[in-house]
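Below: one structure, written as structure tokens.
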Amino acid sequence: RRKRLELVRGLPSATKDGKAVEIFANIGNPDNLPQVLANDAEGIGLFRSEFLYLGRTDYPTEEEQFEAYKKTVQALPGKKVVIRTLDIGADKKVDYFNLAEEENPALGMRAIRICLTRPELFKTQLRALCRASAFGKIAVMFPMIISVKEIRRAKELLQEVRQDLDRRRIAYDKDMEIGIMIETPAAAIMSDDLAKEVDFFSIGSNDLTQYTLAIDRQQTQLDSFFDAHHPAVLRLIGQTIANGHQAGIWVGICGELGADLSLTETFLRMGVDELSVSPQSVLPLRDTVRSLDLSK
Ligand code: PEP
Ligand code: MG
């Protein structure tokens with residue numbers, strides 16, 4: 001098996017009949033870069049930036065974040081690196097954020113909700129990210145979106161950061177792609193409207209499944225009720241891809257489902273453009289993609 005996987009290293013991720021898909025890797029911080037390179041990922045589809053905030057006693061500075069993002073793009077010359085803005089809250093708690101205790105943290109103050117409530121915190125991250133975009137192909141992605149209004153507000157704050165950088169004559173990539181995660185049923189259902197606001201979608205199947213089935217992703221006691229292949233989730237994924245394509249944007253999947261080889265054919269038939277998986281899943285996924293023939 002290992003030897004077989006070695007054979008697909010460097011080969012295109014395309015089916016026998018020529019449907020190509022990009023196979024990217026998910027990472028938490030630059031320490032994961034050796035695995036990304038060792039497994040021949042074609043880019044990074046999900047940099048979970050909250051890992052830069054975890055396990056510390058205070059906020060990471062703009063400089064620390066800039067260095068982490070810059071190091072990441074520089075390790076992958078010419079390849080895309082999708083950085084997800086802070087997704088703290090719910091299962092990822094950090095003391096120094098002083099977030100209030102909540103009955104239902106998964107439905108509470110998390111991710112983009114914290115960022116839009118604390119714009120200075122958000123802008124520090126966006127500044128680091130924009131500065132790093134001068135050194136490679138960075139894309140920014142906002143998590144836990146439920147509405148057009150949130151996207152517009154996030155883009156306004158990004159615009160303020162860019163104007164500030166212009167005034168200070170600091171370089172950044174003016175064409176940096178802006179995307180959102182589709183990980184709430186609201187976002188999937190409204191994906192036709194949301195697609196008009198962004199350059200890409202990345203489907204977060206972990207949270208999309210949790211919120212669609214109303215089953216806590218951490219709660220193993222409910223395993224007998226949980227169905228990772230629930231048709232409601234697959235239907236939402238299919239609709240999201242179709243709506244994204246209708247608006248001319250690319251659509252990826254960055255949740256665990258993207259690495260589920262029993263669904264690869266289904267996702268390719270839906271037209272998915274990119275699958276972002278853990279580094280060790282890249283070669284098995286490419287091997288599976290190359291074994292498929294969608295003309296049959
Ligand atoms: C997801 O929800 O599917 C996702 C990729 O984000 P995370 O697992 O970090 O919540
Ligand atoms: Mg998520």
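Of note:
- Among the chymotrypsin sites (Phe, Trp or Tyr not before Pro) within region 217-277, those in coil by DSSP and having at most 13 neighbouring Cβ atoms inside 10 Å are Phe225.
- Farthest towards the positive end of the charge dipole of region 179-262, among the residues Thr212, Gln246, Ile182, is the Cα of Gln246, using unit charges on the Cβ of Lys, Arg, Asp and Glu.
- Of the residues Arg286, Arg167, Arg269, the one with the fewest other Cβ atoms within 10 Å heads the list, and the complete ranking is Arg167, Arg269, Arg286.
- For region 79-139, the spread of Cα positions along each principal axis, largest first, Å: 42, 22, 17
- Antiparallel %, DSSP beta bridges [both residues in the chain], to 5: 5
- Only Lys, Arg (+1) and Asp, Glu (-1) charged, at Cβ; the chain dipole about Cα centre in debye: 860
- When Ile88, Ile145 are arranged by Cβ crowding within 10 Å, least crowded first, meaning fewest neighbours, the order is Ile88, Ile145.
- Sorted by Cβ density within 10 Å, fewest first, the residues Glu103, Glu150: Glu103, Glu150
- Relative to the 2.2 N^0.38 Å rule of thumb, region 111-221 has a C-alpha radius of gyration ratio of 1.17.
- Each helix, a run of at least 4 DSSP H residues, gives -39500 (n - 2.57); summed and divided by the residues of the chain, these come to -11500 deg cm²/dmol at 222 nm.
- Share of Cα-Cα pairs in the chain lying beyond 36 Å, as whole percent: 13
- Dividing the mean sequence gap of close Cα pairs (under 8 Å, 6+ apart) by how many residues region 56-162 holds gives a relative contact order of 38 percent.
- Scaling against 2.2 N^0.38 Å puts the C-alpha radius of gyration of region 233-296 at 1.09.
Laboratory data are not the source of any read-out in this text; all were calculated from the coordinates shown. Only a predicted model underlies this, so the values are computations on that prediction, with no experimental measurement involved. As a convention, Cβ positions derive from the backbone with ideal geometry for all residues, glycine included, and neighbour counts pool all protein chains shown.
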